[in-house]
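I'd like to ask you about the structure that follows.
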Amino acid sequence: MSGVLEGVRVLDFGRYIAGPFCGTMLGDLGAEVIRIEKLEGSEDRWVTPVVDGGEGAMFLQMGRNKLGMTLNPVKPAGREVVRKLVAVSDVVIANLPYEDLKKMGIDYETIAAINPRIILATNSTFGSEGPYATRVGFDTIGQAMSGAMHLSGDGTVPTRANAPYVDFSSALLATVGVLAALMDRQKTGKGQKVETALLRTAINITNSHLIEQAMLSLDRIATLNRGFTAGPSDTFKCKDGWIYAMTIGQPLFVRWCRLMGNEDLAADARFKDDLARGDNGEALSAIMQKWCETRTVNEALELLEANRIPAGAIYTPQQTLDDRHVNEAGFFHSMEWPGAARPIPVLQEPVKLSRTPLTIRRRAPRLGEHTDEILAELGYAPEAIEKLRAERVV
């Protein structure tokens, strides 16, 4: 079954997550994606190595549905390869400082002159405008400068989220932008630049907190896992593990009071609405903690579910892999990799489409695995490819 982006060719010059995962999503949707790396391999290929050869977990996830090519686009012969690729492609992805894009010949002005239909998806830490435009950074810089880290932790030490949500969110926003640009191109015949920035993405996620601060000047500090504007909303220790449970809205809170065996709590002025329950959440958390400590995780979850109160076990990574629902619902695609001791569990599809589903059609590529194939398609003869290889262009 063909994907909705069949026939679209993407050049992925991305690094780490914010660029490459955009390419991954486009590949899952059916596009042909060529991942272009340094001759020695991009840095993200080797992060958290998990297989023989040194390839890392992140690359094995991001590299699915991609062809692999090595190229030095700074050398004149490499620039020529870039020009040939851009001329026959639809999208270029590059989450690098814009000055570097110019050096590589993949800035929008350069590639649009080669192919006016081309779409450039570019991501940086701070965007192309403003006093920080030339600064570099990673996901956690967005977390830090958006207020998210200040609002996380124990109120003493600002705490980052270990999962790089700013990077992934930027990649998803870039994917939305590319799809919109492709739709516009169908009408106008013209490409455009799609720009995301880590700080812009992070502020989008924390925007409600920033609006509250701008309007009310509350100067909130972190309260570990306890919610600010509802309660109880917290982590709770059971006899054999931890759960997270939360109530939002009066109907949920009334059901929770009934489950706790104290319906009078619903009439307590301290808990009159969500905001009051957030302000007095420590007292509500203490009540629920006492309730949880006499029950196992499963016992607590069964009772909470019976009363339709949202809750879930706090898993270790291994417990996530072993979860019955995760496995029976087919969340993972077992991807083979040469030399890997066991199949690699890659998420099957981040979003489900009923008629044109996203698919995993190929594993992540070995370093430069498809370089010769791609160059031959561009018209390079075998001897010309060997010359490029001897000159360390590919």
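The values are calculated or read from the model by the stated rules, or taken from the named source; none is laboratory data. Not measured: the values here are computed from a predicted model. As a convention, Cβ positions derive from the backbone with ideal geometry for all residues, glycine included, and neighbour counts pool all protein chains shown.
Of the residues that make up the range 252-268, is at least one in contact with a strand residue (DSSP E or B) (Cβ under 7 Å, 6 or more places away or on another chain), crowded, with 16+ Cβ neighbours inside 10 Å and over 25 Å from residue 316 (Cα atoms)?
Within the range 252-268, not a single residue is in contact with a strand residue (DSSP E or B) (Cβ under 7 Å, 6 or more places away or on another chain), crowded, with 16+ Cβ neighbours inside 10 Å and over 25 Å from residue 316 (Cα atoms).
Residues of the range 174-184 being farther than 17 Å from residue 7 by Cβ and either of a type in the set (Gly, Ala, Ser) or not in a helix (DSSP H, G or I) (or both), which ones?
174, 177, 180
Another question, if that's okay. Quick check on my filter: what residues within the range 210-244 are in a strand (DSSP E or B) and free of Cβ contacts under 8 Å to residues at least 40 places away in the same chain?
225
A further question on this structure: In the range 159-173, is there at least one residue being modelled with pLDDT of 95 or more, over 25 Å from residue 122 (Cβ atoms) and touching a strand residue (DSSP E or B) at 6+ places or on another chain (Cβ under 7 Å)?
Yes - at least one qualifying residue is present in the range 159-173.
Can you name the number of the only condition in (1) touching a residue at least 60 places away in the same chain (Cβ under 8 Å); (2) assigned to a helix (DSSP H, G or I) that residue 96 fails?
(2)
Every residue, every condition in (1) in contact with a helix residue (DSSP H, G or I) (Cβ under 6 Å, 6 or more places away or on another chain); (2) in the same structural domain as residue 369 (by TED's automatic domain parsing); (3) surrounded by fewer than 17 Cβ atoms within 10 Å (Cβ to Cβ), yes or no:
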site	(1), (2), (3)
49	no, yes, yes
54	yes, yes, yes
68	no, yes, no
85	no, yes, no
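In the range 269-301, which residue that is of a type in the set (Ser, Thr, Tyr) and within 36 Å of the chain's Cα centre (by Cα) is surrounded by the fewest Cβ atoms within 10 Å (Cβ to Cβ)?
296
In addition: Which is closer than 23 Å to residue 196 by Cβ, part of a helix (DSSP H, G or I), among the hydrophobic types (A, V, I, L, M, F, W, C) and in contact (Cβ under 8 Å) with a residue 12 or more places away in the chain, of 136, 86?
Residue meeting the stated conditions: 86.
Being over 19 Å from residue 233 (Cβ atoms) and surrounded by 12 or more Cβ atoms within 10 Å (Cβ to Cβ) is the filter here; which residues of the range 306-322 pass it?
319, 320, 321
Here is a further query. Which number in (1) in a helix (DSSP H, G or I); (2) buried (at least 17 other Cβ atoms within 10 Å of the Cβ) marks the one condition that residue 187 misses?
(2)
Collect the residues in the range 349-371 that are touching a strand residue (DSSP E or B) at 6+ places or on another chain (Cβ under 9 Å) and either among the aliphatic types (A, V, I, L, M) or without any contact (Cβ under 8 Å) to a residue 40 or more places away in the chain (or both), keeping them in residue-number order.
Within the range 349-371, 360, 364, 367 qualify.
Next question. Looking at the range 107-148 only, could you name the residues that are touching a Pro at 6+ places or on another chain (Cβ under 7 Å) and either hydroxyl-bearing (Ser, Thr, Tyr) or more than 28 Å from residue 211 (Cα to Cα) (or both)?
124, 134
Within the range 341-379, can you find the residues that are among the basic types (Lys, Arg), more than 17 Å from the chain's Cα centre (by Cα) and more than 23 Å from residue 56 (Cα to Cα)?
Matches in the range 341-379: 355 only.
Here's a follow-up. Kindly indicate the residue of the range 161-184 that is polar (S, T, N, Q) and surrounded by 17 or more Cβ atoms within 10 Å (Cβ to Cβ) and also nearest to residue 130 (Cα to Cα) among those meeting that condition.
170
Let me ask something additional. Out of 105, 147, 142, I need the residue that is touching a residue at least 40 places away in the same chain (Cβ under 8 Å), within 26 Å of residue 26 (Cβ to Cβ) and not hydroxyl-bearing (Ser, Thr, Tyr). Which one?
Among 105, 147, 142, only 142 is touching a residue at least 40 places away in the same chain (Cβ under 8 Å), within 26 Å of residue 26 (Cβ to Cβ) and not hydroxyl-bearing (Ser, Thr, Tyr).
Among residues belonging to the range 28-45 that are within 12 Å of residue 64 (Cα to Cα) and without any contact (Cβ under 8 Å) to a residue 40 or more places away in the chain, point out the one that is surrounded by the fewest Cβ atoms within 10 Å (Cβ to Cβ).
Taking the candidates together, the pick is 32.
Would you confirm whether any residue within the range 369-392 is touching a Pro at 6+ places or on another chain (Cβ under 8 Å) and in a loop (DSSP other than H, G, I, E, B)?
Within the range 369-392, none of the residues are touching a Pro at 6+ places or on another chain (Cβ under 8 Å) and in a loop (DSSP other than H, G, I, E, B).
Let me ask another. So which of 122, 110 ends up being assigned to a strand (DSSP E or B), in the same structural domain as residue 359 (by TED's automatic domain parsing) and either more than 20 Å from the chain's Cα centre (by Cα) or surrounded by 20 or more Cβ atoms within 10 Å (Cβ to Cβ) (or both)?
Answer to the check: 122.
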